[in-house]
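Read the structure below first, then the notes.
The values are calculated or read from the model by the stated rules, or taken from the named source; none is laboratory data. Everything numeric here is computed off the predicted structure, so don't read it as measured data. So basically every Cβ, Gly included, is an ideal-geometry build from the backbone, and we count neighbours across all protein chains shown.
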Amino acid sequence: MQGQPNPSIQVAVIGTGSISESHLQAYANHPNVHIAALCDLNEERAGRAAEKYKVPQAQVYTDYRELLQNKDIQAVSICTWNNTHAEIAIEALRQGKHVLVEKPLCKTVAEALQVEEAVHAFGKILQIGYVRRYEPRAQMVQRFAADGEFGEIYYAKASLLRRLGNPGGWFADKERSGGGPLIDIGVHIIDLCWYLMGRPKPVAVSGCTHNKLGNRANVQHLSSYKAADYRADLNTVEDLAHALIRFDNGASLSVEVSFTLHAKEDRTSVALFGDKGGVELDPEVVMVTEKHDTIMNLYPQMDSKGFDFSGAFQGEIDHFIDCVVTGKQPISPIEDGVEMMRILCAIYESAALGSEVRLG
C-alpha cells in the first residue's frame, strides 16, 4: 500500500565475537532490518552485544538450535568458529532461514558440498561473506574488467603479509579454524582476484606452507590483534603459505600470505594483468593502459583511496538484505564457496605432499 514503510527483516546473529560487530553495525544502519536475536556460547558476551544493540535478553541464546526454532527470524549471520559454519548453515536452511555465513564457508570440500545440497534442497538464500567483493573499489574494477577494459586477464598476483599478526585463540587452533593465514585472510585476496578474473575454473595448485615462528608472544614494543580466547601456547597452524593456482583458460594466480614473518612492515597488494591493461587495488587503485603508443597510469577519483572496511561490510549486508527481499542470487553464492574450498584445501594438500595437485 502506497505510503506504508517497508516491513523490517528480522535478523539474528550467531556468534558475537569480534567479526560480529561489523555485521551488527551494518544491520543497525539498515533502515529495514531489526536485530531480533543473538547467540553465543559465552552468554555474558552475547548479553553485552544485546545491550548495545537493544536486543531483549529473552532473545539471547547460548544454543543456536533454540534460536533457529524462532519462527519470527527470517535471516541469520553466522559468525562462529570455522568448524561450525557448515552444521549451523545447514540447520538454518532447514529451519527456513536465509543465511549469510562468514568466510571461509567451512573446513573441507565435503562440508561445502553438504551445504550446497542444503541450499538447493531448501531453496533459501545463502551468501558467503567474501567482503572484499562488496567494497566500492572492487565493484568499480569488476565493471571495468567485465567490460573488457583490461582484455584477457592472464595473470594475477596477491600478497597479504603480516609481520606480527597471529591472533591466537581459535584462529591458531587448526581443529577449529581449519588452518592459519591461508584460510583466514588469504581467502580474501584469492577470492578477490578470482572474482575479478571472471571466476575461471581452477585445474591445478602448487602450494607450500611454513611453520617456523609460531605465536611470537615474546615480541615487545609492537601490538597486534588478539582473539578473545587468546593463548600464547596454542598454535597448530602455519605462519606462511604461498601458492600458484592454474586455471582452465591458461591464466594463473600467485598468492602469498602470512600471520607472522621477519618482514620490515605489513604489506598488502593485489594486481591483475591483461593483454590490454592492468590494475592494482592496494594500497590504492591504479589502472594501467596504453594510448597513442604511450603507457599511462590512471587513478580513478574516489572518496576512499584505501580499503574501506566499514563500507565493504555495509555493502555486503545491504546486498544480503536485498537478496532476501527480492529473491535474487547473491554475487558470492554457494557455488563460489565450494570452488574456493577446493582451492584452499588443494593448497594445503599440495603443501603436505610436496607436489602439484590436480583438480577435477
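Before moving on, here are some points about what is shown:
- Within segment 89-123, being charged (D, E, K, R) and assigned to a loop (DSSP other than H, G, I, E, B) holds for Lys97, Lys103, Lys107.
- Checked against the criterion of being closer than 29 Å to Arg163 by Cα, within 21 Å of the chain's Cα centre (by Cα) and touching a residue at least 12 places away in the same chain (Cβ under 8 Å), segment 290-304 has at least one qualifying residue.
- Residue satisfying all of: in segment 165-190; acidic (Asp, Glu) and more than 15 Å from the chain's Cα centre (by Cα); surrounded by the most Cβ atoms within 10 Å (Cβ to Cβ) among these: Asp173
- Residues that are buried (at least 17 other Cβ atoms within 10 Å of the Cβ) and within 14 Å of Thr16 (Cβ to Cβ), drawn from segment 54-83: Val55, Gln59, Val60, Tyr61, Tyr64, Leu67, Val76, Ser77, Ile78, Cys79, Thr80, Trp81
- Answer residue from segment 139-164, given it is surrounded by 19 or more Cβ atoms within 10 Å (Cβ to Cβ) and small (Gly, Ala, Ser) and is farthest from the chain's Cα centre (by Cα) among those: Ala145
- Of the candidates Gly207, Gly186, the single residue that is closer than 22 Å to Val338 by Cβ, outside any helix (DSSP H, G or I), in the same structural domain as Phe259 (by TED's automatic domain parsing) and in contact with a helix residue (DSSP H, G or I) (Cβ under 9 Å, 6 or more places away or on another chain) is Gly207.
- Residue within segment 124-133 that is assigned to a strand (DSSP E or B), small (Gly, Ala, Ser) and within 18 Å of Val257 (Cα to Cα) present: no
- Among the residues listed as Val109, Val115, the single one being crowded, with 21+ Cβ neighbours inside 10 Å and of a type in the set (Val, Ile, Thr): Val115
- Just one of the numbered conditions (1) in contact (Cβ under 8 Å) with a residue 12 or more places away in the chain; (2) closer than 30 Å to Asn32 by Cα is not true of Lys328: (1).
- Which listed residue, of Ile317, Ile321, Ile295, is part of a strand (DSSP E or B) and either touching a Ser or Thr at 6+ places or on another chain (Cβ under 8 Å) or buried (at least 16 other Cβ atoms within 10 Å of the Cβ) (or both): Ile295
- Test: residue in segment 342-355 that is more than 22 Å from Pro7 (Cβ to Cβ) and either touching a Lys or Arg at 6+ places or on another chain (Cβ under 6 Å) or basic (Lys, Arg) (or both): yes
- For segment 4-53, a residue qualifies if it is of a type in the set (Gly, Ala, Ser) and either crowded, with 16+ Cβ neighbours inside 10 Å or free of Cβ contacts under 8 Å to residues at least 24 places away in the same chain (or both), and the qualifying residues are Ala12, Gly15, Gly17, Ser20, Ser22, Ala26, Ala36, Ala37, Ala46, Gly47, Ala49, Ala50.
- The residues on offer are Arg137, Arg143, and the sole one that is without any contact (Cβ under 8 Å) to a residue 12 or more places away in the chain, part of a helix (DSSP H, G or I) and under 22 Å from Glu316 (Cα atoms) is Arg143.
- Only one entry of Ala58, Ala26, Ala86, Ala46 meets the criterion of being in contact with a strand residue (DSSP E or B) (Cβ under 7 Å, 6 or more places away or on another chain) and not in a loop (DSSP other than H, G, I, E, B), and that entry is Ala46.
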